[in-house]
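Notes to accompany the following structure.
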Amino acid sequence: MAFKAMTSKEVTKKVFNKENLFVLDVRNESDFQDWKIEGRNFRYLNIPYFELLDGIEEIMDKIPADQEILVVCAKEGSSVMVAEMLSDAGLDVSYLQGGMKAWSEHLEPVKVGDLKDGGEVYQFVRIGKGCLSYMVISNGEAAIIDATRMTDLYLEFAEGIGATITHVFDTHLHADHISGGRAIAEQTNATYWLPPKDATEVTFDYEPLEGGIDVTIGETKINIHSLYSPGHTIGSTSFVVDEKFLLSGDILFIDSIGRPDLAGKAEDWVGDLRESLYTRYRELSEELVVLPAHFMIIDELNDDGSVAEKLGTLFEKNHGLNIEDENEFRKLVTENLPPQPNAYQEIRETNMGKINPDTEKQREMEIGPNRCAVR
Amino acid sequence: MENIKVNVTLDAKGLACPMPIVKTKKAMNTLEAGQVLEVQATDKGSKADIQAWANSAGHQYLGTIEEGDVLKHYLRKSSNDSSIERKHPNVTSNDELEKKLDANENIVVLDVREAAEYAFNHIPNAVSIPLGEIEERLSELNKDDETYVVCRTGSRSDLAAQKLAENGFSNVINVVPGMSAWTGKTNTLNK
């Protein structure tokens with residue numbers, strides 16, 4: 001039987017469509033436990049490739065004959081080897097092109113809505129890592145919010161729809177992924193905005209993003225109104241776009257809320273986080289569509305693959321927004337926190353411009369899930 | 001740093017996964033039990049994989065040294081060390097040896113593991129003479145010293161202690177189990 005490559009884009013489609021897939025992950029057990037391809041109807045078998053060097057007979061009875069099979073490894077090489085063995089044994093299988101490295105870098109653009117003047121908002125779903133970034137487009141101009149380091153994709157996308165990138169924003173200094181914001185701004189001569197309270201140690205010039213600033217994209221005054229909302233970081237800033245979308249950064253997610261500890265300030269910032277979520281956000285229209293900077297679990301995806309929900313719905317359903325008791329809230333966000341993201345200190349320093357690791361090193365630093373939330 | 005003495009060196013530089021492990025497995029087949037293999041690789045992922053592979057295959061992973069872009073992994077081929085019956089009559093425990101070291105008693109610690117095992121982790125001031133070299137290097141030791149022999153599990157040190165006794169060493173003590181369970185002070189290489 002033949003074996004073929006499956007791209008991250010094709011796997012993403014299967015995730016979005018809740019299709020069945022049998023994932024044979026041949027990485028180390030610890031790597032698999034830490035981070036894997038998530039799909040609602042995916043089934044898994046984890047056997048390290050080095051257990052299969054003498055043959056795959058032992059696992060043949062664990063591989064279903066009636067399901068599509070995808071072999072996955074870190075960078076592709078081992079999955080090709082195992083896929084070939086399975087194919088020689090008569091199975092029809094695919095391997096993940098580029099491995100988990102490519103999976104971690106794949107961005108899937110999903111349209112999340114229209115603007116009043118005919119403009120559009122796109123969400124870029126980094127499916128493997130749970131990062132969400134945005135492009136707001138209006139009258140041939142575009143703004144990018146919370147860009148990942150895969151900058152080419154945004155540039156190509158903007159070019160494809162004939163838009164010029166004029167403004168680039170980061171809602172906060174990221175600790176889980178390397179920002180592409182500065183690089184995009186440099187390449188396009190766009191203005192790079194960063195909250196000054198998060199930028200006290202940065203080594204480059206930026207435009208200070210503070211609460212109450214309005215930025216116009218395109219000629220018809222698409223309004224990006226900033227709202228100071230500290231808690232995940234001290235500078236964290238949300239945006240209301242076109243009085244319709246609330247870009248909540250790492251403050252509020254669909255099924256969870258931001259964690260205040262990644263800059264080592266959990267105790268100091270827990271009060272800010274509560275103020276942002278329980279007072280500042282309460283003053284906003286419940287009709288706003290919340291567009292966060294992350295998703296944590298695959299169940300947060302809508303049917304079209306987007307991650308978006310009305311603020312009013314989150315006030316009803318998000319556990320983190322419904323904790324009356326302040327002490328209980330304090331406990332939730334300062335105790336029993338999930339493990340910190342891989343290399344988060346180095347990632348923060350990279351985003352400050354203090355260190356400049358090469359692409360290979362950047363990939364390595366970003367390996368794994370994002371872990372920016374508490375549930 | 002100076003090179004660690006090994007039995008076989010495998011050059012897997014420039015090879016991508018899975019080749020470093022495929023080659024390591026093949027090279028390991030050519031080694032005798034207890035011998036040490038050095039694998040030179042540039043694939044960063046090889047560090048975690050070689051460790052996990054060694055564990056699952058029953059080999060001993062000693063450690064990795066990074067020199068620029070090159071990772072040098074050290075592995076010792078599985079041996080049935082621990083299944084051999086010990087014969088040297090004079091035996092002590094790790095705890096007893098640790099007490100003597102802490103009390104600064106005038107004793108000699110002889111580590112008979114392979115040079116690579118010693119390099120990654122050993123008791124401070126221990127003398128390193130691998131079991132296979134004991135006979136030709138007897139002159140480096142003093143027959144009247146109170147000599148504590150250590151290895152990983154107490155088997156190689158048993159054989160070494162027997163050899164020393166046969167050669168007129170009067171005060172030789174085998175330390176059981178040895179480095180596999182050693183909790184006292186050590187000099188280590190950063191793995």
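The values are calculated or read from the model by the stated rules, or taken from the named source; none is laboratory data. All figures in this text were calculated on a predicted structure; none of them were measured in a lab. All Cβ positions, glycine included, derive from the backbone under ideal geometry; neighbour counts span all protein chains shown.
The table for this structure:
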item: Wholly within the stretch A:112-212, strands (runs of 3 or more DSSP E) carrying at least 1 residues that are among the acidic types (Asp, Glu) and surrounded by fewer than 24 Cβ atoms within 10 Å (Cβ to Cβ); result: A:120-126, A:141-145
item: Test: residue A:55 is over 20 Å from the mean Cα position of the chain (by Cα), surrounded by fewer than 16 Cβ atoms within 10 Å (Cβ to Cβ) and either within 13 Å of chain B (Cβ to nearest Cβ) or farther than 20 Å from residue A:369 by Cβ (or both); result: yes
item: Test: residue in the stretch B:54-63 that is without any contact (Cβ under 8 Å) to a residue 24 or more places away in the chain and not small (Gly, Ala, Ser); result: yes
item: Selected residue (criterion: farthest from the other protein chains (Cβ to nearest Cβ)) from residues of the stretch A:354-375 that are surrounded by 15 or more Cβ atoms within 10 Å (Cβ to Cβ) and assigned to a loop (DSSP other than H, G, I, E, B); result: A:372
item: Scope the stretch A:60-82; condition β-branched (Val, Ile, Thr) and within 14 Å of chain B (Cβ to nearest Cβ); matching residues; result: A:71, A:72, A:80, A:82
item: Counted residues, the stretch B:132-152 - those being crowded, with 20+ Cβ neighbours inside 10 Å and either part of a loop (DSSP other than H, G, I, E, B) or at pLDDT below 95 (or both); result: 3
item: Those residues of the stretch B:1-57 which are within 20 Å of residue A:51 (Cβ to Cβ) and among the polar types (S, T, N, Q), in sequence order; result: B:24, B:29, B:46, B:51, B:55, B:56
item: Of all residues making up the stretch A:275-299, the number that are under 19 Å from residue A:171 (Cα atoms) and within 23 Å of the chain's Cα centre (by Cα); result: 12
item: Flag for residue A:45 being in contact with a helix residue (DSSP H, G or I) (Cβ under 6 Å, 6 or more places away or on another chain), modelled with pLDDT of 95 or more and not in a helix (DSSP H, G or I); result: yes
item: Residue match in the stretch B:32-44 (condition: modelled with pLDDT under 90 and outside the structural domain of residue B:152 (by TED's automatic domain parsing)); result: yes
item: Residue check, residue B:74 at pLDDT 95 or above, over 15 Å from residue B:180 (Cα atoms) and in contact with a Leu (Cβ under 9 Å, 6 or more places away or on another chain); result: yes
item: Residue match in the stretch B:22-35 (condition: within 14 Å of chain A (Cβ to nearest Cβ), among the charged types (D, E, K, R) and closer than 14 Å to residue B:64 by Cβ); result: no
item: All positions within the stretch A:89-99 that are touching a residue at least 60 places away in the same chain (Cβ under 8 Å) and either part of a helix (DSSP H, G or I) or out of contact with any Leu (no Cβ under 8 Å at 6 or more places or on another chain) (or both); result: A:90, A:91, A:92, A:97, A:98
item: Residue that is nearest to residue B:12 (Cα to Cα), among those in the stretch B:46-58 that are surrounded by fewer than 24 Cβ atoms within 10 Å (Cβ to Cβ) and facing chain A (nearest Cβ under 7 Å); result: B:48
item: When residues of the stretch B:1-21 are limited to those that are more than 11 Å from every other protein chain (Cβ to nearest Cβ) and under 20 Å from residue A:74 (Cα atoms), the one surrounded by the fewest Cβ atoms within 10 Å (Cβ to Cβ); result: B:14
item: Whichever residue in the stretch B:59-79 is farther than 21 Å from residue B:118 by Cβ and not aliphatic (A, V, I, L, M) and, among such residues, is surrounded by the most Cβ atoms within 10 Å (Cβ to Cβ); result: B:69
item: Criterion: touching a Gly at 6+ places or on another chain (Cβ under 9 Å) and more than 13 Å from every other protein chain (Cβ to nearest Cβ) - qualifying residue of B:71, B:97, B:110, B:62; result: B:97
item: Qualifying residue in the stretch A:69-77 (condition: in contact (Cβ under 8 Å) with a residue 12 or more places away in the chain, assigned by TED's automatic domain parsing to the domain that holds residue A:245 and on the phi > 0 side of the Ramachandran plot); result: no
item: Flag for residue A:277 being within 14 Å of residue A:373 (Cβ to Cβ) and either surrounded by 23 or more Cβ atoms within 10 Å (Cβ to Cβ) or among the aliphatic types (A, V, I, L, M) (or both); result: yes
item: Cβ-Cβ under 6 Å pairs, at least 6 apart or on other chains, the stretch A:27-44 side within 12 Å of another protein chain (Cβ to nearest Cβ), far side in a loop (DSSP other than H, G, I, E, B); result: A:27/A:73; A:27/A:74; A:28/A:48; A:34/A:368
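One line per residue, one yes/no per condition, for (1) within 18 Å of residue B:181 (Cα to Cα); (2) β-branched (Val, Ile, Thr):
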site: B:97; (1), (2): yes, no
site: B:100; (1), (2): yes, no
site: B:105; (1), (2): no, no
site: B:108; (1), (2): no, yes
site: B:119; (1), (2): yes, no
site: B:125; (1), (2): no, no
site: B:142; (1), (2): no, no
